[in-house]
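Working notes for the structure below.
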Protein chains: 2
Amino acid sequence: MAVRAALFDLYGVLALPSLASAFSRAEEELALPRGFLNEAFQKGGPDGPSARLMRGEITYSQWVPLMEEDCRKCSQDSGIRLPENFSVSQIFGKAAATKINHPMLQAALALRKQGYTTCLLTNNWLDDSAQRGILAQLVCQLRPHFDFLIESCRIRMAKPDPRIYKFVLDTLNASPNEVVFLDDIGANLEPARDLGMVTILVRDTDTALRELEKVTGVQLLQVATALPIACNPRDVSHGYVPIKPGVRMHFVELGSGPAVCLCHGFPESWFSWRYQIPALAQAGFRVLALDMKGYGESSAPPEIEEYSLEVLCKEMVTFLDKLGITQAVFIGHDWGGMLVWNMALFYPERVRAVASLNTPFIPADPSVPTMEKIKANPIFDYQLYFQEPGVAEAELEQNLSRTFKSFFRASDEAFLSVSRVREMGGLFVRTPEEPSLSHIVTEEDIQFYVQQFKKSGFRGPLNWYRNVDVNWKWGCTGSGRKILIPALMVTAEKDVVLTPEMSKHMEDWIPYLKRGHIMDCGHWTQMEKPTELNRILIEWLETDARDPPVVSKL
Amino acid sequence: MAVRAALFDLYGVLALPSLASAFSRAEEELALPRGFLNEAFQKGGPDGPSARLMRGEITYSQWVPLMEEDCRKCSQDSGIRLPENFSVSQIFGKAAATKINHPMLQAALALRKQGYTTCLLTNNWLDDSAQRGILAQLVCQLRPHFDFLIESCRIRMAKPDPRIYKFVLDTLNASPNEVVFLDDIGANLEPARDLGMVTILVRDTDTALRELEKVTGVQLLQVATALPIACNPRDVSHGYVPIKPGVRMHFVELGSGPAVCLCHGFPESWFSWRYQIPALAQAGFRVLALDMKGYGESSAPPEIEEYSLEVLCKEMVTFLDKLGITQAVFIGHDWGGMLVWNMALFYPERVRAVASLNTPFIPADPSVPTMEKIKANPIFDYQLYFQEPGVAEAELEQNLSRTFKSFFRASDEAFLSVSRVREMGGLFVRTPEEPSLSHIVTEEDIQFYVQQFKKSGFRGPLNWYRNVDVNWKWGCTGSGRKILIPALMVTAEKDVVLTPEMSKHMEDWIPYLKRGHIMDCGHWTQMEKPTELNRILIEWLETDARDPPVVSKL
């Protein structure tokens, strides 16, 4: 039978360093004989404190004094003097501060993608220390990537107890010879090998992965840089906030920490941030990815005036009010970018920091109505096409799958022309009836957008374009202001409408503006260059939006 | 015409100190002549920087250097030397750090309750300083208590510009003589008085409130201590988390900060925390008030085994996983208390801190099955009555309004007997068909519970009682553990089932347990003594759950 399941140990395999090497380092630092800590750790065998800890019979905090006692005993037995500052909780606290071994995780992901069942099998403990958040976070980050997570302390069995391997096989519903098992402790592999599992003793990651390649026939060492994890709409928390009679906002929420509101553009969805949501949450932020007004599960009133930037911004403030969030970071793309710049300009006290992708901040010019500027630039012809209610709706709603496949394309695959749209009689007039699928989306992604737009269509989304004069007048009331809160502008080299060039005077209005630039990226930044974008956003968030807002007791 | 609307200034009226007294204090500290700062602040009149700031033409950060310049000019004009460390942003930063004037707010609330339209009218600025969170929080806290909030910087008009009073009257849809207006600056009252409004110059709160009493005829000085603000179900954010096929959890979410999960008991709702949610959010926490499994908008599978504590705790972990929350504070009441103690015992790494109301922690005793203990104590007879599927369901579902009016009663109004229930043939056998309304609930509260239980009835809720043996066996697997994470036990003096007495040995298992005790409180702690409970919970959260969980970069 072929191997079809892979079993990974945690410490020393999926997380580094191993307990053994953490012990060696501590022994060196404390000038203890090599092996001393491991001896104390093993003391008492299956009835000793550490075995009881791993089986969850006692908690970490109960174990510490017992282990300290065993260390004293071991030192007396072998005539060693423990250093003054000897502290089990300090040694173990450091040992528990492990990091994910990313090449090993990538290998596990690659196997899972190939149809392998994957399982994390770890001797673990009930952590009630002050640092227990570290272990919780490690396990939380790894859990979604594996089919199963088996922790000894939850099932009262620990490696190398033979019963635990039987438990694993039951869980995997596999025969031993269908399973490959990687561990850095030989004694933990033995009973598995005796049962008939393929075992790999992990000394270093490269060698272990080469062995795993041989066993599985799957290429694991040069795994192409994977896409960031994407959200699954059926697997996330959906929130609904009442804004006013007839209007509610829908959002997807992930993570804990300072609030970050993600505001998509036209014609999109909260789902456009699917590659950003898990990454920003992992970085320690509470992400709220909204369906903007007119989209998806948010309300879509028919009236044009419901989509003026003034109304939209007021409703974002109400959104924060209803959620009891004093301040949030606002990140927007396309029309969402317009919105977030206006949030910064009109409600700076509610904005912890502001970032826009592609959309520059250009203040309203009281001497030239925006409509004149739009008319003067052929690239904005599509916006004029969007003005007449009903016209673009008819074209865009006619075949939703075609619409999204035509829009969502990489910079080198794009075929829509935004100029001369009116002259041509529409956006899709000379474009394929059945467009190919761009490499930046999957068929399932497209179907998600299709389903989302079935509810309210394009009227609400198009109405965002139909408040040019009202928006200009409102913008003029803020035209003397500068944006002096933390701000980031991310330009995309190959966006043909929202070009990097358009952002060049932004420092006049945002003197401390930070910038990011993404090469070879077209309009759909979040899906075309998610890895690059995530890096830019996280670095900026860490430096400019990490501090909690100042909160006084009132 | 009688006065029917009340207009309150912010600084110096609803928030203290006033700008004037903050300026005086700064002048004293910096040895500047009295009135110096106000003179600089007024410089330029309606075209000066401060007037422009209040009209929102410039932001706070743009205003600071202009005001500094005006201070320098004023000092030169009058031959004063500004101190070395003179800093407008420091002076103004301190001035902006105001606190709510609670007697004034209580008066505004009392008037609103009497049918008055209330409005906050303030000369305010677009705060883009690093401390802008303070102003944002002040306004966010006050906003829900008023019908209208008018900030000068949003409408480009500031007091004493006569146009703003016209704007106010339009907003209130009132004639001048229907409005009373309180401000601490005489010049701001003048145009209002000229229009015909009743004006009150606020020098001290007591005198002002006495005048306001005279004008309105409403008693405002000895307003009885009001209940904490309650959540309105139609006005909050509702979240939905998929747990597994067929099971989702619903929660209400408010606030920003460390996550706090509120877990209600039998037979209740997220709504049972209605007085706690705003208070804890205001204290700087992110509250997630759940509909527990079987209740309200959460799923209610029919199977008994779906409600074992092991399954319920695992699902709470999944709830956190899906929301991307590594650690949360867990606060439970009644069965929710049982759940949170087990979260602390089995998943300490996910629990930032744990608190239980009424429900003591009593570890499973491997030598005596829990069922024997239940049978031995007559007070638990109702639990035996709940065992047979269908029986209690029929009685409790027959007349939902009667059920909740019979349950939810203060300690001195209770008439349900929990012992001899089986002998009597039910809980409600000799109780009123139409029970009076307890003073701890309103008719609307009762109707909310009624509506919530129409969806799934009592089968799921009662199933929590039907896993006695399974829960005992699971509990025994943790019987050697102690709870060593931050923990709080709140006892209610007059709970006749979950008596304070039952909690007396808890320190054996939770050596660092903190305690709260509420006098004259029966079983329904959150609604019977919300003010006392909020005080206890917030004090404990501030000390034991404020630090963020330790997060390492992995």
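Taking label points 7 Å from Cα along the Cα-to-Cβ direction, A:Tyr240 and A:Lys314 give a separation of 2.4 nm. Checking every one of the GluC sites (Glu not before Pro) in segment B:1-103 against DSSP loop status and a limit of 12 other Cβ atoms within 10 Å picks out B:Glu84. Using a cut-off of 31 Å between Cα atoms, the listed pairs A:Lys373/A:Lys494; B:Lys113/B:Lys293; A:Lys455/A:Lys482 include B:Lys113/B:Lys293; A:Lys455/A:Lys482 as exceeding that distance. At an R0 of 35 angstrom, the distance between the Cβ atoms of B:Lys73 and A:Asn377 translates into a FRET efficiency of 0.20. Take B:Leu384, move 7 Å from Cα toward the beta carbon, and the resulting point lies 8.7 nm from the same point in each other copy, nearest first. Comparing the protein assembly as shown with the 2.2 N^0.38 Å rule of thumb, its C-alpha radius of gyration ratio is 1.02 (two decimals).
Between B:Asn85 and B:Val391, the simple spin-label model (points 7 angstrom out along Cα→Cβ) gives 7.6 nm. Among the GluC sites (Glu not before Pro) within segment A:401-487, those in coil by DSSP and having at most 13 neighbouring Cβ atoms inside 10 Å are A:Glu433. Gain on full extension, evaluated as 0.36 nm per residue between A:Arg203 and A:Gln219 minus their Cα-Cα distance, stands at 3.8 nm. First measure r as the distance between the Cβ atoms of B:Glu413 and B:Glu434, then evaluate 1/(1 + (r/R0)^6) with R0 = 25 Å and state the FRET efficiency to the nearest 0.05. That gives a FRET efficiency of 0.95. Residue by residue along A:94-102, Cβ atoms of other protein chains within 10 Å of the local Cβ number 1 on average. Per-residue shielding of B:318-324, expressed as the average number of other chain Cβ atoms within 10 Å of the residue Cβ, stands at 6. In terms of the mean number of neighbouring beta-carbon atoms within 10 Å, the peptides B:246-252, A:4-10, A:171-177 order highest first as A:4-10, B:246-252, A:171-177. Against the empirical curve 2.2 N^0.38 Å, the C-alpha radius of gyration of segment B:471-554 lands at a ratio of 1.32.
Once you reduce segment B:253-303 and segment A:296-362 to the center of their Cα atoms, the two points are 28 Å from each other. Close amide H contacts of A:Arg515 (hydrogens built in the peptide plane, cut-off under 5 Å, sequence separation of 5 or more or a different chain): A:Met489.
Quarter the surface of the alpha carbon convex hull of segment A:422-514 and you get the mean projected area, 9.7 square nanometres.
Available extension along the chain between A:Thr543 and A:Lys99 is 157.7 nm, counting 0.36 nm per residue and deducting the alpha carbon span. Neighbouring Cβ atoms from other chains, within 10 Å of the Cβ of residues in A:133-144, number 6 on average.
The modelled label-to-label distance between B:Val450 and A:Cys476, using points 7 Å beyond Cα along the C-beta direction, is 5.6 nm. Using the Cβ-Cβ distance between B:Arg143 and B:Met424 with R0 set to 56 Å, the FRET efficiency works out to roughly 0.65. About its Cα centre, the dipole of segment A:270-390 is roughly 540 debye, where the only charges are +1 on Lys and Arg Cβ and -1 on Asp and Glu Cβ. Normalised size of chain B, defined as Cα radius of gyration per 2.2 N^0.38 Å with N residues, equals 1.17. Calculated on C-alpha atoms, the gyration radius of segment A:1-131 divided by its Kirkwood radius gives an Rg/Rh of 1.05. Bin width 10 Å, origin at 0, all Cα-Cα pairs of segment B:108-252: what percent of pairs per bin? Bins of 10 Å from zero give 9, 31, 31, 17, 7, 4, 1 percent of pairs.
For segment A:499-541, trypsin sites (Lys or Arg not before Pro) are listed when DSSP marks them as loop and at most 14 other Cβ atoms sit within 10 Å of their Cβ; the list is A:Lys504.
Quick note: the coordinates plus some simple rules give every number you see, no bench work behind them. Not measured: the values here are computed from a predicted model. Cβ coordinates were reconstructed from backbone atoms using ideal geometry, including for glycine residues, and neighbour counts include every protein chain displayed.
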